[in-house]
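The values are calculated or read from the model by the stated rules, or taken from the named source; none is laboratory data. A quick note: this is a predicted structure, and the numbers were derived from the prediction, not measured. Cβ placement follows ideal geometry from the backbone for every residue including glycine, while neighbour counts extend to all protein chains displayed. Ligands, DNA and RNA are excluded from the accessible area calculation, which covers all protein heavy atoms including side chains. Shrake-Rupley method; radii C 1.70, N 1.55, O 1.52, S 1.80 Å.
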Amino acid sequence: MTGAERRERLSRSRLYLVLQARPHGADPDGLLDAALRGGVDIVQLRDKDLPEDELVAAAEPFRRACTVHGALFVLNDRPDLVVACGADGVHVGQDDTPVEEARAAVGPERLVGLSAGSRAELEAAAGARADYLGADYLGVGAIFGTPTKPDAEAGGLELVRDAAELVRIPWFAIGGIERDTVADVAGAGAPGVAVVRAIRDADDPEAAARSLRAALTRHAG
(Lines give C-alpha, C1' and ligand atoms only; values in the text may rest on other atoms or scores of the structure.)
Protein backbone atom coordinates (compact mmCIF):
# COMPACT_ATOMS: atom_id res chain seq x y z
CA MET A 1 0.00 0.00 0.00
CA THR A 2 1.31 3.46 -0.84
CA GLY A 3 1.50 6.36 1.53
CA ALA A 4 -1.26 8.12 -0.39
CA GLU A 5 -3.53 5.08 -0.02
CA ARG A 6 -2.82 4.87 3.70
CA ARG A 7 -3.56 8.56 4.20
CA GLU A 8 -6.76 8.30 2.19
CA ARG A 9 -7.93 5.45 4.42
CA LEU A 10 -6.92 7.45 7.46
CA SER A 11 -8.99 10.41 6.29
CA ARG A 12 -12.09 8.18 6.20
CA SER A 13 -11.41 6.47 9.54
CA ARG A 14 -13.72 7.05 12.50
CA LEU A 15 -13.28 4.11 14.89
CA TYR A 16 -9.87 3.16 16.29
CA LEU A 17 -9.25 0.15 18.56
CA VAL A 18 -6.24 -0.26 20.85
CA LEU A 19 -5.42 -3.78 22.03
CA GLN A 20 -2.64 -5.64 23.77
CA ALA A 21 -1.19 -8.76 22.14
CA ARG A 22 -3.41 -11.18 24.09
CA PRO A 23 -6.58 -9.46 25.29
CA HIS A 24 -7.71 -11.09 28.54
CA GLY A 25 -4.94 -13.63 28.01
CA ALA A 26 -6.52 -15.04 24.84
CA ASP A 27 -5.53 -15.18 21.19
CA PRO A 28 -6.75 -11.97 19.53
CA ASP A 29 -8.11 -13.48 16.31
CA GLY A 30 -11.78 -13.75 17.24
CA LEU A 31 -11.92 -10.33 18.86
CA LEU A 32 -10.11 -8.70 15.95
CA ASP A 33 -12.41 -10.23 13.35
CA ALA A 34 -15.53 -9.27 15.31
CA ALA A 35 -14.37 -5.69 15.90
CA LEU A 36 -13.37 -5.22 12.28
CA ARG A 37 -16.66 -6.65 11.02
CA GLY A 38 -18.38 -4.14 13.29
CA GLY A 39 -16.68 -1.20 11.62
CA VAL A 40 -13.30 -0.60 13.27
CA ASP A 41 -11.06 1.28 10.83
CA ILE A 42 -7.72 1.19 12.64
CA VAL A 43 -6.22 -1.27 15.11
CA GLN A 44 -3.22 -0.44 17.26
CA LEU A 45 -1.13 -3.13 18.92
CA ARG A 46 0.04 -1.69 22.24
CA ASP A 47 2.09 -4.03 24.40
CA LYS A 48 5.08 -2.24 25.88
CA ASP A 49 6.32 -5.21 27.92
CA LEU A 50 6.88 -7.68 25.08
CA PRO A 51 10.43 -8.38 23.89
CA GLU A 52 11.12 -7.54 20.26
CA ASP A 53 10.82 -11.04 18.86
CA GLU A 54 7.57 -11.69 20.71
CA LEU A 55 6.12 -8.37 19.57
CA VAL A 56 6.91 -9.16 15.94
CA ALA A 57 5.25 -12.56 16.32
CA ALA A 58 2.25 -11.02 18.11
CA ALA A 59 1.78 -8.55 15.26
CA GLU A 60 1.02 -11.23 12.69
CA PRO A 61 -2.67 -11.85 13.55
CA PHE A 62 -3.19 -8.07 13.76
CA ARG A 63 -1.64 -7.52 10.34
CA ARG A 64 -3.55 -10.42 8.83
CA ALA A 65 -6.94 -9.38 10.19
CA CYS A 66 -6.48 -5.76 9.15
CA THR A 67 -5.46 -6.83 5.65
CA VAL A 68 -8.52 -9.06 5.28
CA HIS A 69 -10.87 -6.30 6.42
CA GLY A 70 -9.18 -3.38 4.67
CA ALA A 71 -8.24 -1.66 7.93
CA LEU A 72 -5.04 0.08 9.01
CA PHE A 73 -2.66 -1.58 11.46
CA VAL A 74 -0.57 0.65 13.74
CA LEU A 75 2.18 -0.31 16.17
CA ASN A 76 2.63 1.55 19.44
CA ASP A 77 5.96 3.28 20.06
CA ARG A 78 8.24 0.94 18.12
CA PRO A 79 9.05 2.68 14.85
CA ASP A 80 12.08 0.42 14.50
CA LEU A 81 9.77 -2.62 14.25
CA VAL A 82 7.09 -1.23 11.94
CA VAL A 83 8.51 -2.87 8.82
CA ALA A 84 9.19 -6.20 10.55
CA CYS A 85 5.61 -6.22 11.88
CA GLY A 86 4.08 -5.30 8.52
CA ALA A 87 2.38 -2.30 10.14
CA ASP A 88 0.97 0.70 8.31
CA GLY A 89 2.46 3.07 10.85
CA VAL A 90 3.42 3.86 14.41
CA HIS A 91 1.84 5.84 17.25
CA VAL A 92 4.01 7.72 19.74
CA GLY A 93 3.22 9.55 22.94
CA GLN A 94 4.61 12.81 24.25
CA ASP A 95 7.24 10.92 26.26
CA ASP A 96 7.98 8.28 23.63
CA THR A 97 10.12 8.44 20.49
CA PRO A 98 9.97 12.00 19.05
CA VAL A 99 7.87 12.31 15.91
CA GLU A 100 10.88 13.36 13.84
CA GLU A 101 12.76 10.21 14.82
CA ALA A 102 9.70 8.04 14.24
CA ARG A 103 9.28 9.53 10.77
CA ALA A 104 12.93 8.95 9.96
CA ALA A 105 12.56 5.31 11.02
CA VAL A 106 9.33 4.48 9.16
CA GLY A 107 9.82 6.67 6.10
CA PRO A 108 7.35 8.81 4.17
CA GLU A 109 5.05 5.98 3.06
CA ARG A 110 3.89 4.95 6.52
CA LEU A 111 1.80 6.80 9.09
CA VAL A 112 2.92 8.47 12.30
CA GLY A 113 0.42 9.29 15.03
CA LEU A 114 1.03 11.49 18.07
CA SER A 115 -0.74 11.78 21.42
CA ALA A 116 -1.84 15.18 22.75
CA GLY A 117 -3.36 15.51 26.21
CA SER A 118 -3.90 19.22 26.74
CA ARG A 119 -4.67 22.43 24.90
CA ALA A 120 -1.01 23.41 25.24
CA GLU A 121 0.10 20.19 23.53
CA LEU A 122 -2.49 20.72 20.79
CA GLU A 123 -1.27 24.26 20.24
CA ALA A 124 2.34 23.10 20.17
CA ALA A 125 1.57 20.46 17.56
CA ALA A 126 -0.71 22.64 15.45
CA GLY A 127 1.69 25.56 15.56
CA ALA A 128 4.90 23.69 14.79
CA ARG A 129 5.69 24.70 11.22
CA ALA A 130 1.96 24.25 10.60
CA ASP A 131 2.63 20.53 10.04
CA TYR A 132 1.77 19.00 13.44
CA LEU A 133 5.43 18.09 13.99
CA GLY A 134 5.16 15.85 10.94
CA ALA A 135 2.42 13.60 12.39
CA ASP A 136 -0.35 12.27 10.16
CA TYR A 137 -2.95 12.17 12.94
CA LEU A 138 -3.41 12.94 16.62
CA GLY A 139 -4.83 10.91 19.49
CA VAL A 140 -6.43 13.46 21.82
CA GLY A 141 -6.98 12.60 25.47
CA ALA A 142 -7.53 11.32 27.98
CA ILE A 143 -11.04 12.68 27.65
CA PHE A 144 -12.40 10.78 30.65
CA GLY A 145 -10.68 8.83 33.40
CA THR A 146 -9.53 5.39 32.32
CA PRO A 147 -7.87 2.47 34.13
CA THR A 148 -5.77 1.73 31.04
CA LYS A 149 -3.87 4.99 31.73
CA PRO A 150 -4.56 5.83 35.37
CA ASP A 151 -2.04 8.68 35.50
CA ALA A 152 -3.53 10.55 32.56
CA GLU A 153 -5.34 13.76 33.49
CA ALA A 154 -8.84 13.81 32.03
CA GLY A 155 -9.51 16.84 29.85
CA GLY A 156 -13.24 16.25 29.46
CA LEU A 157 -15.35 17.59 26.62
CA GLU A 158 -13.47 20.89 26.79
CA LEU A 159 -10.41 19.12 25.41
CA VAL A 160 -12.55 17.74 22.58
CA ARG A 161 -13.77 21.26 21.78
CA ASP A 162 -10.18 22.53 21.87
CA ALA A 163 -9.11 19.87 19.37
CA ALA A 164 -12.06 20.64 17.11
CA GLU A 165 -10.96 24.28 17.11
CA LEU A 166 -7.24 23.73 16.59
CA VAL A 167 -6.62 20.51 14.68
CA ARG A 168 -6.83 20.29 10.90
CA ILE A 169 -5.53 16.76 10.39
CA PRO A 170 -7.33 13.52 11.31
CA TRP A 171 -7.70 13.05 15.06
CA PHE A 172 -9.34 10.67 17.49
CA ALA A 173 -10.60 11.37 20.99
CA ILE A 174 -9.40 8.72 23.44
CA GLY A 175 -9.72 7.90 27.12
CA GLY A 176 -12.64 6.29 28.91
CA ILE A 177 -15.03 6.63 25.99
CA GLU A 178 -17.92 4.18 26.19
CA ARG A 179 -21.18 3.61 24.38
CA ASP A 180 -23.06 5.98 26.69
CA THR A 181 -20.55 8.83 26.27
CA VAL A 182 -19.56 8.58 22.59
CA ALA A 183 -22.51 10.72 21.50
CA ASP A 184 -21.38 13.58 23.74
CA VAL A 185 -17.82 13.28 22.46
CA ALA A 186 -18.94 13.32 18.83
CA GLY A 187 -21.33 16.17 19.51
CA ALA A 188 -18.45 18.20 20.98
CA GLY A 189 -16.65 17.92 17.67
CA ALA A 190 -14.66 14.68 17.60
CA PRO A 191 -14.60 13.18 14.08
CA GLY A 192 -13.51 9.83 15.50
CA VAL A 193 -12.80 7.99 18.73
CA ALA A 194 -10.27 5.46 19.94
CA VAL A 195 -11.36 2.87 22.49
CA VAL A 196 -10.09 -0.11 24.42
CA ARG A 197 -12.62 -1.47 26.92
CA ALA A 198 -15.74 -0.41 25.01
CA ILE A 199 -15.03 -3.13 22.44
CA ARG A 200 -12.50 -5.41 24.13
CA ASP A 201 -14.67 -6.05 27.17
CA ALA A 202 -18.05 -6.16 25.41
CA ASP A 203 -20.10 -9.37 25.42
CA ASP A 204 -20.57 -8.86 21.67
CA PRO A 205 -17.58 -6.90 20.29
CA GLU A 206 -19.04 -6.70 16.80
CA ALA A 207 -22.29 -5.19 18.07
CA ALA A 208 -20.34 -2.82 20.31
CA ALA A 209 -18.29 -1.60 17.37
CA ARG A 210 -21.40 -1.12 15.24
CA SER A 211 -23.06 0.83 18.03
CA LEU A 212 -20.08 3.12 18.50
CA ARG A 213 -19.76 3.76 14.80
CA ALA A 214 -23.47 4.47 14.43
CA ALA A 215 -23.31 6.97 17.31
CA LEU A 216 -20.37 8.74 15.69
CA THR A 217 -22.32 9.11 12.47
CA ARG A 218 -25.54 10.11 14.15
CA HIS A 219 -24.11 12.70 16.52
CA ALA A 220 -21.29 14.15 14.45
CA GLY A 221 -21.01 17.89 14.91
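Seen from every direction in turn and averaged, the convex hull around the alpha carbons of segment 12-62 projects onto 3.7 nm².
The alpha carbon convex hull volume per residue for segment 1-122 rounds to 113 Å³. Computed over protein heavy atoms with a 1.4 Å probe, the accessible surface of segment 97-178 works out to 44 Å² per residue. Would you mind calculating the relative contact order of segment 86-221 from Cα pairs under 8 angstrom and at least 6 residues apart, reporting the percent as a whole number? Contact order relative to length: 18 percent.
Across the chain, the fraction of Cα-Cα pairs farther apart than 28 Å, rounded to a whole number, is 21%.
Extension gain, residue 218 to residue 68, is 51.3 nm, computed as 0.36 nm per intervening residue step minus the present C-alpha separation.
Within the listed set 163, 154, 142, the residue fluctuating most in the Gaussian network model of the chain (springs between alpha-carbon atoms under 10 angstrom) is 154.
Comparing 125, 84, 183 in a Gaussian network model of the chain (Cα springs below 10 Å), the most mobile by mean-square fluctuation is 84.
On the accessible surface of the chain, probed at 1.4 Å, how many percent belong to carbon and sulfur atoms? Roughly 49 percent of what the probe reaches on the chain is carbon or sulfur. Ignoring the sites themselves, what is the longest stretch of the chain with no trypsin sites (Lys or Arg not before Pro) in a DSSP loop and at most 13 other beta-carbon atoms within 10 Å? Longest run free of exposed loop sites: 49-128.
A compact globular protein would have a Cα radius of gyration near 2.2 N^0.38 Å; the ratio found for segment 89-219 is 1.05. What the Cα atoms of segment 50-148 give is an Rg and a Dmax of 14.2, 39 Å.
By the combined test of axial Cα extent (at least 18 Å) and Kyte-Doolittle hydropathy (mean at least -0.5), the qualifying DSSP H helices of the chain come to 52-69, 205-219.
Between residue 47 and residue 26, the distance separating the two model label sites (each 7 Å from Cα on the Cα→Cβ line) works out to 1.6 nm.
The residues of segment 49-96 have, on average, 43 Å² of accessible surface per residue, using a 1.4 Å probe with all protein chains present.
Computed over segment 133-176, the quotient of the alpha carbon radius of gyration and 2.2 N^0.38 Å is 1.16.
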